[in-house]
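The values are calculated or read from the model by the stated rules, or taken from the named source; none is laboratory data. Being a predicted model, the structure only gives us computed values, none of them experimental. Cβ sites come from the backbone with ideal geometry, for glycine too, and all protein chains shown count toward neighbours. The area values use the complete protein model at the heavy-atom level, side chains included, leaving out ligands, DNA and RNA. Shrake-Rupley method; radii C 1.70, N 1.55, O 1.52, S 1.80 Å.
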Amino acid sequence: MFKKNQTGKAKIFLLFLLLAHVACKQAATDKNPDEKKKEFTYVNPSAVYPTLQFAFSQGVTAPSWGQTLYLAGLTAWDSAMQVVGKDDFKVQLRQCFKNIKAVVSGAGGKMTDVVRLTYFIKDMDINKAMAVVEVVKEFFPENKYPAGSLIGVEKLVEDAFWVEIEATAVINR
């Protein structure tokens, strides 16, 4: 089939084809989130004050592939733009998280894909901060909390709103 001087070249060519095939299969595996899924790393070093008891992490590292989803500030409106829980801060928090879950799900993700939360809380006080801790624990697994910030504000877009939450998620990883 091959002449003597072509046998070495043919072997090199076949080896090249085999290596290319293996590399392509590995690249496809690396890009397929179902076959090889990276997890987030929750960063809570002992050199910084402990925060897991307050239902947030100091930082979260996300895999380098996937899609980053940036959510607008979500409030306690339902789908008919009616305020849920006008006089109840916790009810409004839960509605905000239901809205976050709906947007993340609509993009093909789940709540465990959320890596960052920013809360804008009207008339912020310690009771509202502790309510945030309680409600966050209802939506996220223990010790796998997104990084977060609580920001006290004087007013939100509608007087009946007590809270607005922005979120960032990394999905399809």
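Determine, yes or no, whether L150 is in a strand (DSSP E or B) and surrounded by fewer than 19 Cβ atoms within 10 Å (Cβ to Cβ).
yes
Has the stretch 77-85 got at least one residue that is aliphatic (A, V, I, L, M), free of Cβ contacts under 8 Å to residues at least 24 places away in the same chain and either closer than 24 Å to G152 by Cβ or surrounded by 13 or more Cβ atoms within 10 Å (Cβ to Cβ) (or both)?
Yes, that holds for at least one residue.
Identify all residues within the stretch 119-141 that are small (G, A, S) and either more than 23 Å from G59 (Cβ to Cβ) or open to solvent by 60 Å² or more (accessible area, probe 1.4 Å) (or both); write none if there are none.
A131
Would you say K128 is at pLDDT below 95 and not in a strand (DSSP E or B)?
Numbers: at pLDDT below 95: no; not in a strand (DSSP E or B): yes.
Here the answer is no, as K128 does not meet what is asked.
If only one of V60, V132, V103 is within 11 Å of the chain's Cα centre (by Cα) and either in contact (Cβ under 8 Å) with a residue 40 or more places away in the chain or within 22 Å of V170 (Cα to Cα) (or both), which one is it? Before the answer, list the steps.
On the way: V132 fails: within 11 Å of the chain's Cα centre (by Cα); V103 fails: within 11 Å of the chain's Cα centre (by Cα).
Of the residues listed, the single one that is within 11 Å of the chain's Cα centre (by Cα) and either in contact (Cβ under 8 Å) with a residue 40 or more places away in the chain or within 22 Å of V170 (Cα to Cα) (or both) is V60.
Kindly provide the set of residues from the stretch 68-100 that are farther than 17 Å from D123 by Cα, assigned to a helix (DSSP H, G or I) and not aliphatic (A, V, I, L, M), ordered by number.
Listed by number, the residues that qualify are R94, Q95, C96, F97, K98, N99.
Might you let me know whether the stretch 108-115 holds any residue that is in contact with a Ser or Thr (Cβ under 6 Å, 6 or more places away or on another chain) and hydrophobic (A, V, I, L, M, F, W, C)?
Yes: the stretch 108-115 contains one or more residues that are in contact with a Ser or Thr (Cβ under 6 Å, 6 or more places away or on another chain) and hydrophobic (A, V, I, L, M, F, W, C).
Which condition from (1) modelled with pLDDT under 95; (2) more than 25 Å from E39 (Cα to Cα); (3) open to solvent by 60 Å² or more (accessible area, probe 1.4 Å) is the one that A102 breaks?
(2)
Just to verify a result, which residue in the stretch 153-173, among those that are free of Cβ contacts under 8 Å to residues at least 40 places away in the same chain and assigned to a loop (DSSP other than H, G, I, E, B), is least open to solvent (accessible area, probe 1.4 Å)? It would help to see each step written out before you state the result.
Within the stretch 153-173, the first condition is being free of Cβ contacts under 8 Å to residues at least 40 places away in the same chain, and the residues that meet it are 153-155, 159.
Now drop any that are not assigned to a loop (DSSP other than H, G, I, E, B), which leaves 154-155, 159.
Numbers: E154: 166, K155: 127, D159: 104 Å².
Residue satisfying both the conditions and the ranking: D159.
Within the stretch 74-95, how many residues are at pLDDT 95 or above, of a type in the set (G, A, S) and either over 16 Å from L117 (Cβ atoms) or in contact with an Asp or Glu (Cβ under 7 Å, 6 or more places away or on another chain) (or both)?
Number of matching residues: 1.
Which members of the stretch 72-85 meet the condition of being farther than 11 Å from V163 by Cα and either under 18 Å from the mean Cα position of the chain (by Cα) or basic (K, R) (or both)?
A72
Evaluate the following for R116: is it on the phi < 0 side of the Ramachandran plot, assigned to a helix (DSSP H, G or I) and surrounded by 16 or more Cβ atoms within 10 Å (Cβ to Cβ)?
no
Just one of the numbered conditions (1) among the acidic types (D, E); (2) part of a loop (DSSP other than H, G, I, E, B); (3) modelled with pLDDT under 90 is not true of D30; which one?
Every listed condition holds for D30 apart from (2).
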